[in-house]
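What follows is calculated from the coordinates using simple rules that are stated; it is not laboratory data. Predicted model, so just to flag it, every value in this text is computed and none were measured. Note: ideal-geometry Cβ built from the backbone for every residue, glycine included; neighbour counts use all protein chains shown.
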Amino acid sequence: MPAGGLTKTWTPDEVRCLGVRTDLVTACEIAYGARRTKAYELFRRGELDFPAVRVGSRVVVPVAALCRFLGIDLEKADASAAHVTSA
């Protein structure tokens, strides 16, 4: 964690690199800047803006749903495709 107890600022690439799913605390840190206690409070109250599922003792969040909430394309845009011109 960065100095001073501040949460890290996540880039879209870092969020995509999380894989298929992430834990609740990481998802809430990315989405809200929230820590563990607040993350579980939001989950218990049903106040998350993305789905989260309890799996055993853990709560997991699909990264695709987190990306949708954040407005991040799951697939990184190919810069070369943006420069296509018609003949």
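Here are the numbers for the structure shown:
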item: Residues with amide H under 5 Å from that of Trp10, placed H, sequence gap 5 or more; result: none
item: Residues Asp49, Asp13, Asp23, sorted so that the one with the fewest Cβ neighbours within 10 Å comes first; result: Asp13, Asp49, Asp23
item: Ranking of Cys28, Cys17 by count of other Cβ atoms within 10 Å, fewest first; result: Cys17, Cys28
item: 5 angstrom amide H check on Thr22, placed H, neighbours 5+ away; result: Val61, Val63
item: P(r) weight above 18 Å for region 8-74, C-alpha pairs, percent; result: 27
